[in-house]
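The values are calculated or read from the model by the stated rules, or taken from the named source; none is laboratory data. Predicted, not measured: the structure shown is a model, and the values here were computed from it. Here the Cβ is made from the backbone with ideal geometry for all residues, glycine too, and neighbour counts use every protein chain on show.
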Amino acid sequence: MTFTELCKRVRKHIGQDHRYAHCVRVARMAENLARIHGADPSKARTAGMLHDLARLYSGEGLLEECRRRGVPISDFERAHPIVLHAPLSAELAQTEFGVSDPAILSAIAKHTLAASEMSVLDCVLYLADGLEPGRDYAERASLAEMAERDLPGAMRATIESSLRYLSSKHLPLAPQTAAAIKAFGAHIMMEATTGGHS
Ligand SMILES: [Fe+2]
Ligand SMILES: [Fe+2]
């Protein structure tokens, strides 16, 4: 399948112009960051295009589809099903879009919560998703600029930025994100609780 064909299929699967446009911007930015930081630009572009396949599913739909397909569901994910769109999108990329490359599937699965161990490709997709030009918040442009010159620094700063967001919304911290905080040396400047309660 060519990339153009892939885009057409993703557009149809997602069924919403707004979300599809986000995927296009993430694919572009991921491709650019991959080129700068020595990851495979083509894999980054594919991961960007496919990363939100399940983003518009309802909470109940995510839980049901994960159960049906045998995607593991943690306590945190059961309490906050929205985050399941990442592993479920990886599952759909594999089964519905024929992607078998574990590096691409890993990047998709980790794009929302991050993880303790992240490859350059994983980081590139995580940053592209959070920092693409369609996102509208004060620090975005400076973080996007940092992502081009300092990948670990941008990971640290972007994770810290998302912690401030979680804190402002009184949202809990996922165990995977807590592990990523340690791995990247990010500082917790919030009173978030860890675990599956909010
Ligand atoms: Fe997402
Ligand atoms: Fe996204």
Test result for V24, under 12 Å from the mean Cα position of the chain (by Cα) and within 16 Å of ligand 2 (Cβ to nearest atom): no
Just give me the residues in region 127-138 being more than 10 Å from ligand 2 (Cβ to nearest atom), within 19 Å of L166 (Cβ to Cβ) and modelled with pLDDT of 95 or more, in sequence order. L127, L131
Please verify whether region 47-55 includes one or more residues that are surrounded by 13 or more Cβ atoms within 10 Å (Cβ to Cβ), modelled with pLDDT of 95 or more, away from ligand 1 (no atom under 13 Å from the Cβ) and not β-branched (V, I, T). no
Can you find even one residue in region 133-154 that is touching a Ser or Thr at 6+ places or on another chain (Cβ under 7 Å), outside any helix (DSSP H, G or I) and free of Cβ contacts under 8 Å to residues at least 40 places away in the same chain? yes
Based on what the data block shows, is I108 of a type in the set (V, I, T), surrounded by 20 or more Cβ atoms within 10 Å (Cβ to Cβ), in contact (Cβ under 8 Å) with a residue 40 or more places away in the chain and within 14 Å of ligand 1 (Cβ to nearest atom)? yes
What are the pairs with Cβ atoms under 8 angstrom where one residue, in region 12-35, is farther than 20 Å from L143 by Cβ and the other, located anywhere, is part of a helix (DSSP H, G or I) and of a type in the set (S, T, Y)? Sequence gap at least six, or different chains. I14/Y20
Can you confirm whether region 56-76 contains a residue that is closer than 23 Å to Y20 by Cα, within 16 Å of ligand 2 (Cβ to nearest atom) and outside any helix (DSSP H, G or I)? yes
Of these, G59, G15, which one is touching a Pro at 6+ places or on another chain (Cβ under 7 Å), farther than 14 Å from L121 by Cβ, surrounded by fewer than 17 Cβ atoms within 10 Å (Cβ to Cβ) and not hydrophobic (A, V, I, L, M, F, W, C)? G59
